[in-house]
Amino acid sequence: MSEAKQESPADEGLRLSILGMSCAGCVEGVETALASVDGVDFVSVNFADHTALVKGNADPELLKKSVQEAGYDAAVMEGLEDPSEQEEMELLRYEKLMQKAKVAAIFGIPLMVFAHLGWLPEISSPAGSWFWPIVALITLGILRYSGGHFYSSAVKLLMHGQANMDTLIALGTGSAWIYSCVIIDYSSHLTKFAPHAYFEASVMILAFINFGSALETKARGRTSSAIRELIGLQPRTARVVRDGVEQDIAIEEVGLEETVRVRPGEKIPVDGVLIEGHSSVDESMLTGEPIPIEKVEGSEVVAGTMNLKGSFLFKATRIGRDTALAQIIKSVRNAQGSKPAIAKLADKISSIFVPVVVCIALFTFCVWYLFGPEPSMGYAFVTSMTVLVIACPCALGLATPISVMVSVGRAAQMGVLIRNGDALQSAGKITSLILDKTGTVTEGKPTVSTIEAMGEYEEESVLRLAASIESGSEHPLAAAILAAAEEKQIKLEKTAAFEAIAGHGIAAVISDQQVLFGNEALMAEKGVEYTQYIEKIEQLSALGQTAMMLAVNKKIAGIIAVSDPIKKDSAKAIQKLKDQGVRVIMVTGDNEITAKAIAMQAGITDVKAQVLPDDKAAVVKQLQLAGETVGMVGDGINDAPALAQANVGFAIGTGTDVAIESADIVILQGSLLKVPEAMALSKATVSNIKQNLLGAFFYNTIGIPVAAGLLYPLFGVLLSPMIAGAAMAMSSLTVVTNANRLRWVKLS
């Protein structure tokens with residue numbers, strides 16, 4: 001494949017709807033056409049939903065032109081397409097294919113039955129001299145109506161030196177009709193061959209293939225149900241307040257900073273922040289969390305979620321493609337279109353399969369013609385035609401992408417965003433999982449639990465100094481201290497010479513005094529004597545509290561301890577991970593005693609404490625060098641290096657920030673239970689893909705030799721071209737049906 005296949009994750013990319021793809025062999029042709037356009041950095045074509053993702057700065061018109069020149073067609077997909085339009089297109093395609101199948105079957109079935117019963121006149125008889133030419137003309141009309149798209153596509157591809165499923169069908173059915181016409185015209189010269197016309201075979205092959213494609217279209221349409229449901233979440237209108245007047249406008253007209261009114265039972269139209277009122281909001285369709293979330297002034301609300309009770313006003317902060325819902329849809333689409341490593345072999349085989357099949361068919365024809373029994377010409381024709389029909393690699397091409405689409409869609413519905421196919425494949429192979437503590441194992445909402453003043457200091461002054469120095473910090477513990485100071489209405493003091501020391505604490509000057517606030521390592525580094533307080537710190541740590549010392553002019557002034565309880569489902573999630581045979585390791589910058597206390601509550605026995613954020617990636621790498629497949633679960637910001645280093649990075653999100661570039665999988669509502677579920681889904685998906693690939697390979701491996709007549713010398717059995725057409729169509733339907741089982745597979 002072209003060098004353009006080097007992925008550029010930072011580029012949002014352009015999505016194209018590809019028309020005219022009929023089998024996996026088409027994927028290679030479309031990808032080659034798109035990759036040849038100047039400015040293309042990455043191309044991925046998804047045969048399952050007939051789309052292409054193109055990254056780079058190529059001109060969309062040039063992309064469309066290149067695809068058209070390759071014998072296909074393309075259209076740019078923009079915005080949040082109306083799901084009803086997509087459903088209508090799928091329904092129209094289904095009905096059209098069914099109509100083509102019916103027309104072919106209405107004529108083909110009686111012709112096949114009458115031929116089998118011997119009710120049709122012989123070709124060389126007086127009645128046959130007028131009957132069979134009429135049949136030939138009717139059959140030609142049916143080939144034009146029911147199979148015209150195969151022939152036109154095959155011709156276009158031939159002009160560009162390519163071949164696909166359409167080529168095989170066109171060769172098989174077209175040669176059957178031509179051969180039958182030759183038999184009619186020269187029947188008087190071919191009496192020793194016991195001439196037989198194959199008009200019924202050509203139309204029945206088209207009947208079976210169109211019928212199978214129709215069923216496949218219907219089944220494949222269900223695989224995108226997750227996307228349709230997500231798109232359907234966003235309302236079409238919003239009620240905005242302009243010049244003091246409330247009015248309903250189209251969702252596309254809502255602007256940033258616009259004031260929007262939401263009433264009970266309405267969906268929230270865009271992302272924003274509450275400025276008046278309060279309510280409870282059902283966010284289950286985005287996060288998988290069934291419990292409604294209370295919203296008050298200052299709370300974030302997300303487009304597509306349902307307001308249950310109470311009316312409120314909010315200010316729009318994200319609109320259009322920037323909303324969390326739009327970002328989620330984009331992530332799901334990109335993941336559904338991405339290809340895990342397991343897909344590349346199937347794609348490569350499919351791209352060369354059709355030319356190989358044509359060669360096999362020619363070889364089969366020659367063998368039967370030269371060495372077969374009389375009528376050798378008839379046997380040679382039937383066997384080669386059967387090989388062409390049965391060998392279509394559709395099932396092989398659908399095997400991987402259809403499973404990926406279903407799996408990624410199911411994950412999105414349960415609040416897990418899988419951002420690429422490789423992560424989906426690798427998550428089930430994880431042998432060691434590293435967990436960050438704060439916000440991952442714990443709630444991430446610490447509160448001040450202990451304040452102790454030393455010497456001439458009082459608790460209030462200790463809290464004032466600690467809150468003042470933490471006012472410039474973004475550490476999660478800082479928020480707890482500031483919240484405690486705000487609750488006690490303590491006025492903060494100005495700070496100077498602020499210095500944040502990663503993993504240790506903070507230093508600053510307050511009222512001309514040197515103030516330090518942090519852990520033992522900070523005090524030791526700055527030469528503060530603290531040994532007499534070690535026992536007290538250990539006692540607090542043993543209770544799972546994080547204790548920090550406050551020093552003023554190199555003397556300990558107080559101790560503040562903050563506790564962050566573990567999430568209610570952390571222990572259950574960790575037990576599930578252990579049940580899956582995964583080694584669970586908690587890595588934190590907290591001190592060892594506190595870390596072990598939290599780990600004990602969660603059921604974790606392997607703990608690495610006092611690890612700086614930058615060193616977490618080294619822990620991941622160390623495990624990888626030992627042969628482990630490592631997963632990392634963190635907040636996606638402080639843990640970015642470790643998330644990027646891990647084989648699979650899980651980012652704990654909130655549903656409003658899904659574009660965490662360093663993570664492969666985003667857990668929207670932050671529940672650790674979603675991690676073992678995602679791993680179980682990964683295992684089920686890989687197993688499903690292997691089943692599909694095995695079935696497709698088995699089908700082609702067995703089907704082609706049987707079609708070529710391998711069983712004839714032993715059992716006198718030849719495969720009918722009509723049966724071959726039905727088998728080929730049903731193989732694709734089987735793959736799609738098997739993939740759809742992932743929608744209901746048990747994950748816990």
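The values are calculated or read from the model by the stated rules, or taken from the named source; none is laboratory data. These numbers were taken from a predicted model, which means no experiment stands behind them. Using ideal geometry, Cβ is built from the backbone for each residue, glycine included, and neighbour counts are taken over all protein chains shown. Side chains are part of the model used for accessible areas, which takes the heavy atoms of the whole protein and leaves out ligands, DNA and RNA. Shrake-Rupley method; radii C 1.70, N 1.55, O 1.52, S 1.80 Å.
Highest mean first, what order results for 729-737, 620-628 on Cβ atoms within 10 Å? Could you put the intermediate results ahead of the total?
Numbers: 729-737: 23.4, 620-628: 14.7.
Ranked by mean Cβ neighbours within 10 Å, highest first: 729-737, 620-628.
How large is the dipole of segment 656-746 about the Cα centre if only Lys and Arg carry +1 and Asp and Glu carry -1, each at its Cβ, rounded to the nearest 20 debye?
Result for segment 656-746 is approximately 340 debye, rounded to the nearest 20.
Under 21 Å from the Cα of residue 156, which lysines turn up, not counting those fewer than eight places away in the same chain?
Qualifying lysines at Cα under 21 Å: 64, 65.
If amide hydrogens are placed 1.01 Å from N in the peptide plane, which non-local residues have theirs closer than 5 Å to the one on residue 442?
Result for residue 442 returns 567.
Under the rule of at least 5 residues apart or a separate chain, name every residue whose amide H is placed under 5 Å from the amide H of residue 271.
It is 303, 317, 318, 324, by chain and number.
What do you get for the angle between helix 570-579 and the principal long axis of the chain? Use alpha-carbon atoms, 0 to 90 degrees, nearest ten.
50 degrees
In whole Hz and in residue order, list the ³J(HN,Hα) couplings for segment 711-717 that follow from phi through the Karplus curve 6.51 cos²θ - 1.76 cosθ + 1.60, θ = phi - 60°; x for Gly and Pro.
7, 4, x, 8, 10, x, 9
Expressed as a whole percentage, what fraction of the accessible surface of the chain belongs to carbon and sulfur atoms when a 1.4 Å probe is rolled over the protein heavy atoms? Walk me through the intermediate numbers first.
Values: 18540 of 32500 Å².
That fraction is 57 percent.
Specify the angular offset, from 0 to 90 degrees and rounded to the nearest 10, of the alpha carbon long axis of helix 199-221 from the longest principal axis of the alpha carbons in the chain.
10 degrees
Rounded to whole Hz and in sequence order, give me ³J(HN,Hα) for segment 600-610 from the Karplus expression 6.51 cos²θ - 1.76 cosθ + 1.60, θ = phi - 60°, writing x for Gly and Pro.
Ordered by residue, 3J(HN,Hα) equals 4, 5, 8, x, 9, 9, 9, 10, 10, 9, 6 Hz.
For helix 721-740, what angle does its Cα long axis make with the longest principal axis of the chain, in degrees from 0 to 90 and rounded to 10?
That works out to roughly 10 degrees.
Give the residue from 424, 462, 440 lying farthest towards the positive end of the charge dipole for segment 422-469; charges sit on Cβ (+1 for Lys and Arg, -1 for Asp and Glu) and the dipole is referred to the Cα centre.
The residue sitting most towards the positive pole is 424.
Enter the accessible area per residue of the chain (Å², integer; probe 1.4 Å; all protein chains in place). Walk me through the numbers before you get to the answer.
Working: 32500 Å² over 748 residues.
Accessible area per residue: 43 Å².
Ignoring everything but the protein chains, give the 1.4 Å probe accessible area of residue 437 in square angstrom, nearest 10.
Accessible area of residue 437: about 10 Å².
How high is the FRET efficiency between residue 615 and residue 245 when r is their beta carbon distance and R₀ equals 51 Å, given to the nearest 0.05?
Values: r = 57 Å, r/R0 = 1.12.
That gives a FRET efficiency of 0.35.
5 Å is the cut-off here: which amide hydrogens, built 1.01 Å from N in the peptide plane, fall below it relative to residue 584, excluding neighbours closer than 5 in sequence?
433
With a 1.4 Å probe and every protein chain left in place, tell me how much accessible area residue 422 has, in Å² to the nearest 10.
Counting only protein heavy atoms, the figure is 70 Å².
Taking the Cα centre of the chain as origin, sum charge times position over the Cβ atoms of Lys and Arg (+1) and Asp and Glu (-1), and report the length of that vector in debye to the nearest 20.
Numbers: 61 positive and 81 negative charges, 594 e Å.
Computed charge dipole of the chain: roughly 2860 debye.
Taking +1 at the Cβ of each Lys and Arg and -1 at the Cβ of each Asp and Glu, which of 203, 106, 118 sits farthest along the dipole of the chain towards its positive end, judged by Cα position relative to the Cα centre?
118
Please list, in order along segment 612-627, the HN-Hα scalar couplings obtained from phi with the Karplus expression 6.51 cos²θ - 1.76 cosθ + 1.60 (θ = phi - 60°), rounded to whole Hz, x for Gly and Pro.
Once θ is set to phi - 60°, the couplings for segment 612-627 become 5, x, 5, 8, 5, 4, 5, 5, 4, 5, 4, 5, 5, 5, 7, x Hz.
Tell me which of 254, 591, 44 sits at the most positive position along the dipole axis of the chain, charges placed on C-beta atoms (Lys, Arg +1; Asp, Glu -1).
Projecting each Cα onto the dipole axis, the largest value belongs to 44.
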